[in-house]
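Accompanying notes for the structure given below.
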Amino acid sequence: MGTGTSQGIPVIACECTVCKSSDPRDKRLRSSVHIQDDGLSLVIDTGPDFRQQVLQANICRLDAVLFTHQHKDHVAGLDDVRSFNFVQSKPMPVYGNQLVLQQLRVEFAYAFAEERYPGVPQIDLIEINGDVIKIGKHEIIPIKVMHHKLPVFGYRLGDFVYITDAKTIPDSEIDKARNAKVLVINALQKENHVSHFTLAEALEMIEELKPEKAYLTHLGHKMGLHHDLEKELPDGVFAGYDFLTLEI
Ligand SMILES: [Zn+2]
Ligand SMILES: [Zn+2]
């Protein structure tokens, strides 16, 4: 650590290689994904960086939000769907399991109050339980994975599978995630972690799920530099990075 001052405010500068890296791929916002498919525009999770991500990715229309689970790093930015409410003149459909919806009602109580302040986000909560989700002509398959003891939904849309914050995938759900063209899967760090796949565990799961290509997400600080990580990965497996765009 080094210290300095900026306009009288003490500044503590981190000296570690990831923080000091000039590679933009080492500047990681929270995990989420935007999917565009034949007229459908949806996001999976709205973490604290949701607004910044939407602005930078030029997302001007949003039809739905799907949540994987209720942890703050995946839900904190939901308030900012209000901008889509203004532009689209309708509430935002928001999908999650019962635990997610319960937590959203607590964390964003003002959006669900009897008397609402003008301009608060308009949110239509839609409870899902693992059955196929239909949005227009699109079908999305939830995949139940476990985040230590917390059930989390991964999602499959056609040949794209997105799984984050998993530590285990029950045998009964594995088939739903197999043989995708693109699998995005979490890998937090190399050291063991109670609720996230390690790099080795993620690679083992990728071998089992046999996607054409796999991208690692929810990469933690301890995973090190993007450039170094990529060199360690087997063929067909890549480290994800912010604003990566894939066509399937
Ligand atoms: Zn989590
Ligand atoms: Zn997370």
Search result, residues across segment 148-160 that are touching a residue at least 40 places away in the same chain (Cβ under 8 Å) and surrounded by fewer than 20 Cβ atoms within 10 Å (Cβ to Cβ): HIS148, LEU150, PRO151, GLY158, ASP159, PHE160
Filter result (charged (D, E, K, R) and over 19 Å from VAL132 (Cα atoms)) within segment 55-106: ARG61, LYS72, ASP73, ASP79, ASP80, ARG82, LYS90, ARG105
Condition check for LYS210: more than 14 Å from ligand 2 (Cβ to nearest atom) and without any contact (Cβ under 8 Å) to a residue 12 or more places away in the chain: no
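To keep it simple, each residue is scored yes or no on (1) of a type outside the set (Gly, Ala, Ser); (2) assigned by TED's automatic domain parsing to the domain that holds PHE86.
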position: GLY119; (1), (2): no, yes
position: GLY136; (1), (2): no, no
position: LYS144; (1), (2): yes, no
position: LYS149; (1), (2): yes, no
position: PHE153; (1), (2): yes, no
position: THR164; (1), (2): yes, no
position: ASP171; (1), (2): yes, no
Residue in segment 184-207 that is nearest to THR164 (Cα to Cα), counting only those that are β-branched (Val, Ile, Thr) and within 14 Å of ligand 2 (Cβ to nearest atom): ILE185
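Each row is one residue, and each column tells you yes or no for (1) over 13 Å from LEU219 (Cα atoms); (2) crowded, with 17+ Cβ neighbours inside 10 Å; (3) touching a Lys or Arg at 6+ places or on another chain (Cβ under 9 Å).
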position: TYR162; (1), (2), (3): yes, yes, yes
position: ASP165; (1), (2), (3): no, yes, no
position: ASP175; (1), (2), (3): yes, no, no
position: LYS181; (1), (2), (3): yes, no, yes
position: VAL184; (1), (2), (3): no, yes, no
position: ALA187; (1), (2), (3): no, yes, no
position: GLU191; (1), (2), (3): no, no, yes
position: MET205; (1), (2), (3): yes, yes, no
Residue match in segment 124-136 (condition: at positive phi and at pLDDT below 95): yes
Enumeration of residues in segment 35-88 that are β-branched (Val, Ile, Thr) and either crowded, with 18+ Cβ neighbours inside 10 Å or outside any loop (DSSP other than H, G, I, E, B) (or both): ILE35, VAL43, ILE44, THR46, VAL54, VAL65, THR68, VAL75, VAL81, VAL87
Any chance VAL11 is of a type in the set (Val, Ile, Thr) and modelled with pLDDT of 95 or more: no
Members of segment 198-215 found to be within 16 Å of ligand 1 (Cβ to nearest atom) and closer than 24 Å to CYS19 by Cβ, listed by number: THR198, ALA202
Segment 116-170, residues that are within 16 Å of ligand 1 (Cβ to nearest atom), assigned to a loop (DSSP other than H, G, I, E, B) and small (Gly, Ala, Ser): ALA166
Residue in segment 106-116 that is surrounded by 15 or more Cβ atoms within 10 Å (Cβ to Cβ), more than 26 Å from LEU183 (Cβ to Cβ), basic (Lys, Arg) and assigned by TED's automatic domain parsing to the domain that holds PRO48 present: no
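The values are calculated or read from the model by the stated rules, or taken from the named source; none is laboratory data. What you see is a predicted model; the values in this text were computed from it and never measured. Note: ideal-geometry Cβ built from the backbone for every residue, glycine included; neighbour counts use all protein chains shown.
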